Amino acid sequence: MKKSRLRVANGNSLLFGNNYGGYPKRVFYNFSSFRKMHPRSPVAIASCGIDQWHRQVFRKRIKSDTFSVEMVIDGVFNYTLDGKNYQVCPGEIFFVQLGMDSAMCCETEIATKKVIIFDGAQLFQTLEYLELNRIAHLKPQDSGKISGIMDNIIELSKVSSFENFRNASCECYRLLLEISAQNIASTRPAGLQRAIEFIHENLEHPITLNQIVEYSKCSGATLHRQFRKYLNCSPIEYFLNAKMEMAYGMLAGGTLSIKEIASRLNYSSPQYFASEFKKHYGKTPSQIR
């Protein structure tokens, strides 16, 4: 098999590298026509699919005009982002970042990856908000969950329709949320993460500090110190803030009455709920509704 060179320029962005025989072997699906119909979508699917590489294949991007999430299925990829090198194994993810320089090849004879390429009018702002705009490599705590969302996107993309474009774009946003959550969780102590998960699973129930401490499997002093270090609040403050965020979402996008929301979140009365809400947001529940 012979090598062939690739070179594509798009403004300041440059993509170049080598192909090798029939590699990379790609089964990709593209939504370019539907993207033009919905140009203001904050986050959208551009294309996706399965990408199989040979050791002789190479790619380098200068000031990338693309953001993609790429999960290795088998084999091992070598990935470089802004001069830092990463070995990416099955179940792990690497990210092609907007505006950054990157390079990739595979270390094994053959390597395969799932690829989701993103688009959207607010893609960069979304990545920045989710703290995904500088990440290069992630070893997910639950790679199966991320892989499942990627499979959903690819499956939806097999049938080209505007409905599938919208649904696949929603799944793209869900994918970013899940990756962000797992990325943040990977930097936190396990006890702190257990406490956070327990709190979010029980926002509609009255819980105590002792219950949070017990579920975290840490001492009370250790847990309090970790909340202060990583979240700048106490466990109970975090619980109350999370309840307020849930209440805001119910008010802004739901159909429950203020009385029903207060009851659901275990406030003693709608008046007390309204008072606490105004302290937190500076507006009454009625103003948000």
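The values are calculated or read from the model by the stated rules, or taken from the named source; none is laboratory data. As the structure is a prediction and not an experimental result, all values here were calculated from the model. FYI the Cβ positions are ideal-geometry reconstructions off the backbone, even for glycines, and counts take in every protein chain you see. When the accessible area is computed, the model is the full protein with side chains, heavy atoms only, and any ligands, DNA or RNA have been set aside. Shrake-Rupley method; radii C 1.70, N 1.55, O 1.52, S 1.80 Å.
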### Message
So HIS205 passes all but one of these: (1) in contact (Cβ under 8 Å) with a residue 60 or more places away in the chain; (2) in a helix (DSSP H, G or I); (3) not acidic (Asp, Glu). Which condition number does it fail?
### Response
(2)
### Summary
Of those in the range 7-31 that are assigned to a strand (DSSP E or B) and within 15 Å of GLY99 (Cα to Cα), the residue most open to solvent (accessible area, probe 1.4 Å) is ASN10
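Taking the range 39-58 on its own, how many of its residues are touching a Ser or Thr at 6+ places or on another chain (Cβ under 8 Å) and either outside any loop (DSSP other than H, G, I, E, B) or open to solvent by 70 Å² or more (accessible area, probe 1.4 Å) (or both)?
Kept after step one, since they are touching a Ser or Thr at 6+ places or on another chain (Cβ under 8 Å), are these residues of the range 39-58: 41-53, 55.
Still in the running and either outside any loop (DSSP other than H, G, I, E, B) or open to solvent by 70 Å² or more (accessible area, probe 1.4 Å) (or both): 44-53, 55.
Adding up the residues that qualify gives 11.
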### Message
Condition check: more than 30 Å from VAL159 (Cα to Cα) and among the hydrophobic types (A, V, I, L, M, F, W, C). Does LEU6 satisfy that?
### Response
no
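Check TYR238, TYR230, TYR215 and return the single one that is open to solvent by 30 Å² or more (accessible area, probe 1.4 Å), assigned to a helix (DSSP H, G or I) and out of contact with any Leu (no Cβ under 7 Å at 6 or more places or on another chain).
One residue alone meets the criteria, TYR215.
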### Elements of type strands (runs of 3 or more DSSP E) contained in the range 85-163, each with 2 or more residues being under 19 Å from the mean Cα position of the chain (by Cα)
93-96, 110-119
### Task
Considering every residue within the range 162-171, establish whether at least one is out of contact with any Pro (no Cβ under 8 Å at 6 or more places or on another chain), among the aromatic types (Phe, Trp, Tyr), open to solvent by 30 Å² or more (accessible area, probe 1.4 Å) and closer than 30 Å to VAL69 by Cα.
yes
### Breaking point among (1) in a loop (DSSP other than H, G, I, E, B); (2) of a type outside the set (Asp, Glu); (3) modelled with pLDDT of 95 or more; (4) surrounded by fewer than 18 Cβ atoms within 10 Å (Cβ to Cβ), for SER64
(4)
## Note on the structure
Per the filter on the range 67-81, residues touching a residue at least 40 places away in the same chain (Cβ under 8 Å) and either open to solvent by 50 Å² or more (accessible area, probe 1.4 Å) or among the aromatic types (Phe, Trp, Tyr) (or both) are PHE67, ILE73, TYR79
### From SER263, SER275, SER268, residue being outside any helix (DSSP H, G or I), open to solvent by 40 Å² or more (accessible area, probe 1.4 Å) and free of Cβ contacts under 8 Å to residues at least 24 places away in the same chain
SER268
